[in-house]
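In what follows, a single structure is set out as C-alpha cells and then discussed.
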Amino acid sequence: MTKDNNGRRGPDARRRAIADHVLSVGSVTAGDLAERFGVSLMTIHRDLDELERQGIVRKYRGGVTAQPSGVFESNVAYRMKTMQAAKDAIAAKAAALVEPGMAVMLDDSTTTLALARRLSDVTPLTVVTNFLETTNLLARERGIRLMALGGEYDPLHDSFLGVSCVDAVTALNVDLCFVSTSAVSGGYAYHQEQHIVSVKRAMLEAAARNVLLVDHSKLGRVALHRVAPLSVFERVIVDDGAKPEALRELDEHKVTYDVAVT
C-alpha cells in the first residue's frame, strides 16, 4: 500500500485521515494503516485507541472496522456513506405517505434523514425528531414546524437519547412515525443497542401509524435486542435489492411491504 504524507502532519491530522480511510473502506488491518501512513504499529494502535474512544471505529484483533455487527452499531459517518441509492429510493416511496397537516416523527436513522430531505415539498407539516442531522436540515425550512426531542447527546449516533428523550416522546401523539432498524428477521425488527431501542419503542407507541424503512442489507439479519414485532408497522418499505427469500419471509409473517425501485 502506498505511503502518503499524513504520518508527518501530526497526530490529530493523521487520526482524521485514518478515520476517513476506515469509514471509506469499512475495515482495515493495523499493519496496512501503519504502512499507509508511514508510522509504527505502536503509533497506529494509539491512534486507533483514541478513535475508538470517540466512537468512530471499533478495534478487533489485528485491525479496525466501522462496519456494524450484531452487538455494535456503526458510526453515523459510516452509515451516511452506505446504501445511499437504496435509502433515496425508500425515502421517495415513504414520502408518498406524508400529507400536508400531518405530525410526523422521524428517528435518528440515516434512512429517515433521506426522507427528511423530501419533506419541504409536503407542507405545512410538523416534524418531531431526536436526530441532530435532521434538526439542522429542517431548522430553516418554511412550512415545517420542527420539534427537537431533548435528551443526552450521543456523538456516535449524532442524536439525543436516554430517559429524558423517552419522556419527551411519550408526551406526544403523532400521525405517522418512520423508523429504521439494524436488522429484520423472523417477524421482528432488531437493533444492537438498548438505549436506542427504548427511544424507538417509545416513538412507535406515540404514533397512530408506523412505517419501517430498511434497505436490503438489513433483511435476514438479527441483532442483540428486539425492537418490536413487524405487526406494529402499517407497512415495511424495502429497496429492490432485497432477495426473493427475504421477501418470502415477510410474506410468511403476513407483513405488508412496498419495494422501492432504485
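The values are calculated or read from the model by the stated rules, or taken from the named source; none is laboratory data. Quick caveat, the model's predicted, so the values are computed rather than measured. When we count neighbours, we look across all protein chains shown, and the Cβ atoms used for this are built from the backbone with ideal geometry, even at glycine. The protein model used for the area step is the full one, side chains on, heavy atoms only, and it has no ligands, DNA or RNA in it. Shrake-Rupley method; radii C 1.70, N 1.55, O 1.52, S 1.80 Å.
Considering E52, E73, which residue is charged (D, E, K, R), assigned to a loop (DSSP other than H, G, I, E, B) and modelled with pLDDT under 90?
Working: E52 fails: assigned to a loop (DSSP other than H, G, I, E, B).
So the residue among E52, E73 that is charged (D, E, K, R), assigned to a loop (DSSP other than H, G, I, E, B) and modelled with pLDDT under 90 is E73.
Considering segment 77-105 alone, what residues qualify as being in a loop (DSSP other than H, G, I, E, B) and in contact with a Ser or Thr (Cβ under 9 Å, 6 or more places away or on another chain)?
T82, M83, P100, G101, M102
Could you check segment 166-241 for strands (runs of 3 or more DSSP E) lying wholly inside it with 1 or more residues that are open to solvent by less than 20 Å² (accessible area, probe 1.4 Å) and farther than 19 Å from N130 by Cβ?
Where strands (runs of 3 or more DSSP E) fall fully within segment 166-241 and carry at least 1 residues being open to solvent by less than 20 Å² (accessible area, probe 1.4 Å) and farther than 19 Å from N130 by Cβ, they are 183-185, 235-239.
Output yes when any residue across segment 21-36 is modelled with pLDDT under 85, more than 30 Å from V238 (Cβ to Cβ) and out of contact with any helix residue (DSSP H, G or I) (no Cβ under 8 Å at 6 or more places or on another chain), and no when none is.
The first filter runs over segment 21-36 and keeps only residues modelled with pLDDT under 85, leaving 21-27.
From what is left, the residues that are more than 30 Å from V238 (Cβ to Cβ) are 21.
After this cut, where a residue has to be out of contact with any helix residue (DSSP H, G or I) (no Cβ under 8 Å at 6 or more places or on another chain) as well, the list is none.
The answer is no; no qualifying residue exists.
Could you look through segment 247-262, keep only residues that are within 16 Å of A89 (Cβ to Cβ) and at pLDDT 95 or above, and pick out the one that is least open to solvent (accessible area, probe 1.4 Å)? Walk me through how you get there before you give the answer.
Our first condition is that a residue be within 16 Å of A89 (Cβ to Cβ); within segment 247-262, this holds for 247, 257-262.
Restricting the remaining residues to those that are at pLDDT 95 or above gives 247, 257-261.
Values: L247: 34, Y257: 60, D258: 38, V259: 55, A260: 1, V261: 114 Å².
The residue in question is A260.
Yes or no: A34 touching a Gly at 6+ places or on another chain (Cβ under 7 Å) and open to solvent by less than 20 Å² (accessible area, probe 1.4 Å)?
So A34 fails the test.
Just to be sure I understand the filter: pairs with C-beta atoms under 6 Å, separated by 6 or more residues or on different chains, first member in segment 164-182 and acidic (D, E), second member open to solvent by less than 30 Å² (accessible area, probe 1.4 Å) and at pLDDT 95 or above. Which pairs pass?
As it stands, the answer is D175/M102; D175/A103, since those pairs meet every condition given.
Which ones in segment 87-146 are in contact (Cβ under 8 Å) with a residue 60 or more places away in the chain, open to solvent by 20 Å² or more (accessible area, probe 1.4 Å) and among the basic types (K, R)?
Result: K93, single match.
Six or more apart or on different chains, Cβ atoms under 6 Å: show the pairs whose first residue is in segment 29-55 and touching a residue at least 40 places away in the same chain (Cβ under 8 Å) and whose second is outside any helix (DSSP H, G or I).
So the pair list comes out as G55/P155; G55/L156.
Condition first: touching a helix residue (DSSP H, G or I) at 6+ places or on another chain (Cβ under 6 Å) and charged (D, E, K, R). Can you find one or more residues in segment 200-221 that meet it?
Yes, there is a match, as at least one residue in segment 200-221 is touching a helix residue (DSSP H, G or I) at 6+ places or on another chain (Cβ under 6 Å) and charged (D, E, K, R).
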